[in-house]
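Novice: Here you go, one structure.
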Amino acid sequence: MKYTNIVFDIDGTLIDTEDIILNSLQKVLKDLHNRCEKKEDLRFALGITGPKALEILKIYDNGKTLQTWTEYMLNDRKKISLFPGITEALKKLKYMNIKLGLITSRTRDEYEKQFIPVGISEYFENIVCSEDTLKHKPNGEPMRKYLEISNTENTKTLYIGDSTYDMQCALAEKTDCALALWGCSDLKGIKSTYTLKSPEDIFDIIKD
């Protein structure tokens, strides 16, 4: 098998949360800062940590905005859905004895409250959340951390994500990466080893 480990991003790759993230960010900016931002202008926040997104927005309020943003997302967590074909692909990969992992910009608390209830966390052995590293995507440190805790090599690992941040994180550690087109709305300037139109396409690139 070409890869022994396949690592996934969460938002925009496994679960469809784009509207939840952006709508809640719009709402918190309006409610706490009286700022009316277009959803398109907030897309940069997809794939990076909440604190980093607020830093770009020049909001520094000792965590109040971040806390409220998280609460708004939790209120809408019932709207979270899996992308079509994800569960079937995970089951097939596990049957093939490929180890599965996660690298996410979410905190451990967000992972537990918003991702675990979706019902697929059992498939993943090694998980890297935002507090597990000092630097975050697009920096390569999260991938480096994953390789360390999974005791695997970069040449045996494939990272699947939906954003340029994911691809840059993998490539920084000379790790192959695949862009999930089902969750990526803007391909401009994104470099990746592969592109995937659907989760089933994973199996075309992991063959020997």
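Novice: Once you list every other residue whose beta carbon is under 12 Å from the beta carbon of H33, what net charge do they have if Lys and Arg are +1 and Asp and Glu are -1?
Specialist: Working: positive: K27, K30, R35, K58, K64; negative: D31, E37, D61.
Value of the local net charge: +2.
Novice: Sum -39500 (n - 2.57) across every DSSP H segment of at least 4 residues in the chain, then divide by the residue count to get the 222 nm mean residue ellipticity, nearest 500. If you can, show how the numbers build up before the last one.
Specialist: Numbers: 7 runs with 68 residues, N = 208.
Taken over the chain, the calculation gives -9500 deg cm²/dmol.
Novice: Another one. Starting from the 7 Å offset along Cα-to-Cβ, what nm value, one decimal, do you get for the label separation of C36 and T87?
Specialist: Inter-label distance under the simple model: 4.2 nm.
Novice: Can you give me the pair-distance distribution of region 44-94, C-alpha pairs, 5 Å bins, whole percents?
Specialist: 4, 16, 17, 17, 14, 12, 10, 6, 3, 0
Novice: With just the Cα atoms of region 100-149, tell me how far they stretch along each of the three principal axes, in Å, largest first.
Specialist: 29, 19, 14
Novice: Further question: Quick query: amide H of T195 versus all other amide H atoms, modeled in the peptide plane; which residues come in under 5 Å with a sequence gap of 5 or more or a different chain?
Specialist: Those qualifying (amide H under 5 Å, at least 5 residues apart or on another chain) are L179.
Novice: Using alpha carbon coordinates only, what is the Rg to Rh ratio of region 58-162, with Rh defined as the Kirkwood radius? Mind dumping the intermediate values first?
Specialist: Numbers: Rg = 15.5 Å, Rh = 15.6 Å.
Here the Rg-to-Rh quotient is 0.99.
Novice: 7 Å from Cα along Cα→Cβ at both N23 and E153: what's the point-to-point distance in nm?
Specialist: Here the modelled spin labels are 4.7 nm apart.
Novice: Stokes-Einstein at 25 °C, 0.890 mPa s, Kirkwood radius from Cα pairs: D for the chain in µm² s⁻¹?
Specialist: 142
Novice: Among E37, E153, E173, which one shows the biggest mean-square fluctuation in a GNM of the chain, springs joining Cα atoms closer than 10 Å?
Specialist: E37
Novice: With point charges of +1 on the Cβ of Lys and Arg and -1 on the Cβ of Asp and Glu, referenced to the Cα centre of the chain, which listed residue (T87, A172, S150) lies farthest in the positive direction of the dipole?
Specialist: A172
Novice: Further question on the same structure: Apply 1/(1 + (r/R0)^6) to the Cβ-Cβ distance of D61 and E200, taking R0 = 30 Å, and write down the FRET efficiency to the nearest 0.05.
Specialist: On the way: r = 44 Å, r/R0 = 1.48.
Result of the calculation: an efficiency of 0.10.
Computed from the coordinates by the stated procedures, all read-outs in this text should not be read as laboratory data. Keep in mind it's a predicted model, so treat the numbers as computed, not measured. Don't worry about glycine lacking a Cβ; one is built from the backbone with ideal geometry, like all the others, and counts go over all protein chains shown.
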